[in-house]
């Protein structure tokens, strides 16, 4: 028991919340699209673009003469906003290709992911003459904040305080999405379009507008998750920096049945798995490559359980 308590320390739990942030954002983005009936498998690529654009924009705000002298922290926040705007633009482009030209969603997503992986490396080499990892001393990390009330409470204060603003925004965003999905007209329209677009159209709901908005918002959220990686958690960009977190987000959304609350908890679970994997590398002699597959192995196991339960539920319903 003592060994277990020594392993699951408060630092491990706070690391779990921090590491879960990009996965939760990806899960919320995927849940929003799934609810609107559009399968967005490009979240991995959007997140990678978000990482790249955030750090490049931050660098330009700090060093380009056209912007004058900008405070380092302000430059980082502006970089995050530019990244989110770029994500919204990508979401709009995704929606335009799908709704206007009926491009297959899976093929479109694969193309975006492949382009993101190769184009970011090409641009990094072309602009900064680096091919693997790039960073600059002028770029500063997003600052962490202690919440005035929570920080004074033992245990709880250490667990829920002391993070950067993207972490807190993620929590607020999840709560807002729960309210929007369950209590607002837009939430009802999302559900109607996702379940039966023809029926939704027949009662005057604009299927196109709903799907456009879902893809645009999901693109912004995915890029916010990417910005967390490059300027919130670290201050660098490396090739394929998203490292499968977009795919984990898609899995978390399915595991959470496309509900914001469920997706948040599923994303948090994957964050715990990631933190545990990192902790195991430090305290055990298990080969690192085996430990690193732990989150993905857990993803497959969970999806298998969810699929099995859905199959049983479907067979029971058919009997009735």
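The values are calculated or read from the model by the stated rules, or taken from the named source; none is laboratory data. Owing to the predicted nature of the structure, the values given are computational and were not obtained by experimental measurement. A quick note on method: Cβ atoms are made from the backbone with ideal geometry, for glycine too, and the neighbour counts reach across all protein chains shown.
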*Residue list for region 109-143, filter: over 15 Å from residue 50 (Cα atoms), more than 20 Å from the chain's Cα centre (by Cα), touching a residue at least 40 places away in the same chain (Cβ under 8 Å) and in a helix (DSSP H, G or I)*: 127
*May I ask you to verify whether residue 74 is surrounded by 15 or more Cβ atoms within 10 Å (Cβ to Cβ) and either in a helix (DSSP H, G or I) or at negative phi (or both)?*
no
*Enumerate the helices (runs of 4 or more DSSP H) found wholly within region 224-320, keeping only those where 3 or more residues are buried (at least 16 other Cβ atoms within 10 Å of the Cβ), modelled with pLDDT under 95 and under 19 Å from the mean Cα position of the chain (by Cα).*
245-255, 260-283, 294-319
_region 197-223, subset touching a helix residue (DSSP H, G or I) at 6+ places or on another chain (Cβ under 9 Å) and not in a helix (DSSP H, G or I), residue farthest from residue 53 (Cα to Cα)_ = 203
*Considering only residues of region 201-216 that are more than 27 Å from the chain's Cα centre (by Cα) and more than 11 Å from residue 190 (Cα to Cα), which is surrounded by the fewest Cβ atoms within 10 Å (Cβ to Cβ)?*
204
*Residue check: is residue 184 surrounded by 15 or more Cβ atoms within 10 Å (Cβ to Cβ) and either modelled with pLDDT of 95 or more or on the phi > 0 side of the Ramachandran plot (or both)?*
no
